[in-house]
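The values are calculated or read from the model by the stated rules, or taken from the named source; none is laboratory data. Computed from a predicted model, the values in this text were never measured in an experiment. Positions of Cβ are generated from backbone atoms using ideal geometry, with glycine treated the same way; all protein chains shown enter the neighbour counts. The protein model used for the area step is the full one, side chains on, heavy atoms only, and it has no ligands, DNA or RNA in it. Shrake-Rupley method; radii C 1.70, N 1.55, O 1.52, S 1.80 Å.
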Amino acid sequence: MRKGHAIALGCLAAIGHAGAAQVADYAFDHDLHSSIPGAPDLVAIGTGTAFASENVLGESDNVFTHAADSGLALAPMSALLAEPGVYTILMRVRHDEETNRLHVKYIDFADGTDDAGLYDTAGTLNFYPLGSGTVSLINPGYVDIAITRDAAGTLAGYVNGLPQFVLDDSMSLGGVIDGSETLRFVVDDEATSGDESAAGAVARIRIWDTALSPSEIAVLSIDRIFGDGFDGV
């Protein structure tokens, strides 16, 4: 199964980011381990989680399924990142088609204690409270969601390799991983009363210790065009 392989170094070299280092790759092949040594295991949050086989972009693949209000946590992030505010995170994820919630949280940077984070807002990628894209690209089925943050505090978001927003987080208004050193995925925070999560599945999570460029993000989603057997990523 191709998705468990580490990214081909030639792809990143070809587009000029010699300093890029992938530090974690979770493919959910019936476990929560990273295929890259040294990365902490993911931890399931809540009940109603399981491994399953699903059609992901036209091929059968192993995924992590979760009920609403359940998801994943990753800690300590200091084991992966030299700086808590410099990273690239790429997820292949879906929400159940029957969900009709306005907001569904993808990534929480404060172990569930803050409403800030990355959301699907009615099909548009949104980093609350800073801003969002203007085009609704998140449709039923699996999508590639990426977020990068560089040392200057610039946050960039992508859907299926396409840029959606560039935001100024130089005041650290949500994009820096807090002192808990914990990322949470596909589960809402406990800081607000509204429920902003939905049942669904995650097919892959990848993390880099630098902010990849738009062209690099595009390459990482290129198998959406060529199929999951494409060997470029």
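In segment 50-71, the residues that are of a type in the set (A, V, I, L, M, F, W, C) reach residues that are exposed (fewer than 14 other Cβ atoms within 10 Å of the Cβ) and assigned to a strand (DSSP E or B) with C-beta atoms within less than 6 angstrom, at least six apart or across chains, in these pairs: VAL63/ALA52.
This table checks each residue for (1) of a type in the set (Lys, Arg); (2) farther than 21 Å from GLY153 by Cα; (3) surrounded by fewer than 18 Cβ atoms within 10 Å (Cβ to Cβ).
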position	(1), (2), (3)
ALA44	no, yes, yes
GLU54	no, yes, yes
GLU59	no, yes, yes
THR65	no, yes, no
SER70	no, yes, no
TYR87	no, no, no
ASP115	no, no, no
LEU125	no, no, no
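Taking the conditions (1) in a loop (DSSP other than H, G, I, E, B); (2) in contact with a strand residue (DSSP E or B) (Cβ under 9 Å, 6 or more places away or on another chain); (3) at pLDDT 95 or above in turn, PRO84 satisfies each one other than (2).
For segment 104-113, the set of residues classified as open to solvent by 20 Å² or more (accessible area, probe 1.4 Å) and among the hydroxyl-bearing types (Ser, Thr, Tyr) consists of THR113 only. Among what's in segment 176-187 and is more than 13 Å from the chain's Cα centre (by Cα) and in contact (Cβ under 8 Å) with a residue 24 or more places away in the chain, pick the residue that is farthest from ALA211 (Cα to Cα). Residue satisfying both the conditions and the ranking: SER180. Identify, please: which residue in segment 127-137 is assigned to a loop (DSSP other than H, G, I, E, B) and closer than 20 Å to LEU212 by Cβ and is, among those, least open to solvent (accessible area, probe 1.4 Å)? Filtering segment 127-137 for residues that are assigned to a loop (DSSP other than H, G, I, E, B) and closer than 20 Å to LEU212 by Cβ, the one least open to solvent (accessible area, probe 1.4 Å) comes out as GLY133. The single residue among ALA122, ALA152, ALA116 that is free of Cβ contacts under 8 Å to residues at least 60 places away in the same chain, in contact with a His (Cβ under 9 Å, 6 or more places away or on another chain), aliphatic (A, V, I, L, M) and farther than 20 Å from PHE64 by Cβ turns out to be ALA122. Here GLY179 meets each of (1) surrounded by fewer than 19 Cβ atoms within 10 Å (Cβ to Cβ); (2) modelled with pLDDT under 95 with one exception, condition (2).
Considering each residue of segment 147-170, count those that are more than 15 Å from the chain's Cα centre (by Cα) and either buried (at least 23 other Cβ atoms within 10 Å of the Cβ) or in a loop (DSSP other than H, G, I, E, B) (or both), and give that number. Don't jump to the end; show me each part of the working.
Here is the first cut: in segment 147-170, the ones more than 15 Å from the chain's Cα centre (by Cα) are 150-154, 165-170.
Of the ones still in play, those that are also either buried (at least 23 other Cβ atoms within 10 Å of the Cβ) or in a loop (DSSP other than H, G, I, E, B) (or both) are 150-153, 169-170.
Summing the residues that are more than 15 Å from the chain's Cα centre (by Cα) and either buried (at least 23 other Cβ atoms within 10 Å of the Cβ) or in a loop (DSSP other than H, G, I, E, B) (or both) in segment 147-170 gives 6.
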